[in-house]
Every structure is written in C-alpha cells, then in structure tokens.
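For reference, the structure discussed in these notes is given below.
The values are calculated or read from the model by the stated rules, or taken from the named source; none is laboratory data. All of these numbers come straight from a predicted model, not from anything done at the bench. A quick note on method: Cβ atoms are made from the backbone with ideal geometry, for glycine too, and the neighbour counts reach across all protein chains shown. Each accessible area value is taken on the protein alone, full model and side chains, heavy atoms only, with ligands, DNA and RNA left out. Shrake-Rupley method; radii C 1.70, N 1.55, O 1.52, S 1.80 Å.
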Amino acid sequence: FKICKLKDIILFLDYGLMPTQDYAFTEDEGLPMIRVTNIMKDGYINMDKVEYIKFNTPKLKDKIVQENDILMVQCGNTTGKCAMVTKEFIGYTYGSFSFAIRTNPKIVNQHFLFYLLNSKIVQEQLNRSITITSVRPNTTKPEVENFLIPVPPLDKQKKIAEHISAIRKEAQQLKDKTKEELKKASNEIEKILLTQ
C-alpha cells in the first residue's frame, strides 16, 4: 500500500484547550470537557467524572469535538492512547495534553485511521517520538503529523474498519455480559451469607 505522512491525509490536528480559569460547577455554567483521564484503554470515552469549562473561556469555540473525531493523548503516562468521539459527546470540548484528529474523507476512512493509530505499527512510531520533559512523557504535533501511515484504497479501508468494529462490538457485548453475570453472582453470594 501507499505510505503517507499523517499530515497529508488529515484536515485537522490540534492541541486541546488549556483552561485559563477554575472549572465551572454545572453544565449550565460551562461545556463538559473530555480530559485524558476520560480516554479509556479500549478506545472508548468514559465521562463518569465530568469537569465543565466556563463558557467565557478564550478559544473555547475552537476546541469543540465533532462526531468521529479521534482524540489522542499527547502528554502523560498514557501518551498515544486514542478514543473515537461518538454522538453523545458532540459539542464537548477536549482538554490540553490531547490532540483532536480529523481525516480527509476523500483519502482515509476515520474509523480505519482510528484503528491504525492504535496499532503496533503507529504505536512504535509514537514510542520513538516520546520525550520526557518535566517528568511526563509526551509527543508533539510535528512528530505526530510525520507518522508514516499505510493507505490502502478507500473501499479496502472501509472493509477493514467494519471488520474491526464488528469484533469490538462483540467484545463489548461479552464484557457487558460478564459484568452482569458477576453482579448476579455477587448478589447470590450476598444472599447466601445473609441467610446463614
């Protein structure tokens, strides 16, 4: 397959918002922020713990995510971890220490790129780009823009992305079922212990 630099197949790659003031207390006072701690290892976003950025924060409107944006951790112990923005997070802002990445849909499928960024091929490039400044591992926008990306034809990318999405969906269903079964088992054990 053709190899391209990431910067040649995307429309947007930018650092997240650095809050310049204290967080707001409620959603009436600010926008929810997806922070690096909300980006999970499995590629999902978990907003169990939400911080809100005040509406009057400078540059806030320039740091709003769209559906299918890829968020990549740029700084910290989880540098390189990626998550895909789904519908429920449209309109959230994203925090410093992360990048938002948007592809050029004429060249690359966003889901394909998301899976590729999580692959060993790209993660090895990321590991080589990491430096340690002020105790935290980090990479930079120019380093990430220069990652080498294999670019198959769009129809092939779509097939690959659909195949991996189906596997991820099945894995998530198994994970949910396991949680449910563990909860049932825990309740049964509790009943047994309480009746003794």
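Looking only at residues in segment 149-174 that are more than 19 Å from the chain's Cα centre (by Cα) and open to solvent by 90 Å² or more (accessible area, probe 1.4 Å), which one is farthest from Pro105 (Cα to Cα)?
Per the criteria, the residue is Leu174.
Can you confirm whether segment 80-89 contains a residue that is assigned to a loop (DSSP other than H, G, I, E, B), within 23 Å of His163 (Cβ to Cβ) and touching a His at 6+ places or on another chain (Cβ under 9 Å)?
No, that holds for no residue.
What number of residues within segment 81-104 are out of contact with any strand residue (DSSP E or B) (no Cβ under 8 Å at 6 or more places or on another chain) and within 21 Å of Asp62 (Cβ to Cβ)? Let's see the steps before the verdict.
Residues of segment 81-104 that are out of contact with any strand residue (DSSP E or B) (no Cβ under 8 Å at 6 or more places or on another chain), as a first pass: 87-88, 90.
Next cut, within 21 Å of Asp62 (Cβ to Cβ) only: 90.
Matching residues across segment 81-104 total 1.
Can Ile189 be described as more than 28 Å from Thr79 (Cα to Cα), open to solvent by 50 Å² or more (accessible area, probe 1.4 Å), assigned to a helix (DSSP H, G or I) and among the hydrophobic types (A, V, I, L, M, F, W, C)?
Values: more than 28 Å from Thr79 (Cα to Cα): yes; open to solvent by 50 Å² or more (accessible area, probe 1.4 Å): yes; assigned to a helix (DSSP H, G or I): yes; among the hydrophobic types (A, V, I, L, M, F, W, C): yes.
Yes, satisfied.
Determine whether Cys75 is open to solvent by less than 30 Å² (accessible area, probe 1.4 Å), within 20 Å of Asn127 (Cα to Cα) and modelled with pLDDT of 95 or more.
Values: open to solvent by less than 30 Å² (accessible area, probe 1.4 Å): yes; within 20 Å of Asn127 (Cα to Cα): yes; modelled with pLDDT of 95 or more: no.
Against the criterion (open to solvent by less than 30 Å² (accessible area, probe 1.4 Å), within 20 Å of Asn127 (Cα to Cα) and modelled with pLDDT of 95 or more), Cys75 does not qualify.
State which residue is farthest from Thr103 (Cα to Cα) when the search covers only segment 1-36 and only residues that are open to solvent by less than 90 Å² (accessible area, probe 1.4 Å) and of a type in the set (Val, Ile, Thr). Steps first, please.
Restricting attention to segment 1-36, the residues satisfying the condition of being open to solvent by less than 90 Å² (accessible area, probe 1.4 Å) are 4-6, 9-10, 12-17, 19, 21, 23-24, 26, 29-36.
Now restrict to residues that are of a type in the set (Val, Ile, Thr): 9-10, 26, 34, 36.
On the way: Ile9: 6, Ile10: 4, Thr26: 32, Ile34: 20, Val36: 21 Å.
Across segment 1-36, the extreme among qualifying residues is Thr26.
Please go through segment 106-148 and pick out each residue that is modelled with pLDDT under 95, open to solvent by 40 Å² or more (accessible area, probe 1.4 Å) and part of a loop (DSSP other than H, G, I, E, B).
Asn118, Ile130, Ser134, Val135, Thr140
Could you tell me which residue of segment 37-57 is most open to solvent (accessible area, probe 1.4 Å), considering only residues that are in contact (Cβ under 8 Å) with a residue 24 or more places away in the chain and basic (Lys, Arg)?
Of everything passing the filter in segment 37-57, Lys41 is most open to solvent (accessible area, probe 1.4 Å).
Identify, by number, the condition in (1) open to solvent by 50 Å² or more (accessible area, probe 1.4 Å); (2) within 25 Å of Glu143 (Cα to Cα); (3) of a type in the set (Ser, Thr, Tyr) that Ser96 doesn't meet.
(1)
Would you confirm, using the coordinates I've provided, whether Tyr94 is modelled with pLDDT under 95 and not in a helix (DSSP H, G or I)?
Values: modelled with pLDDT under 95: no; not in a helix (DSSP H, G or I): yes.
It is false that Tyr94 is modelled with pLDDT under 95 and not in a helix (DSSP H, G or I).
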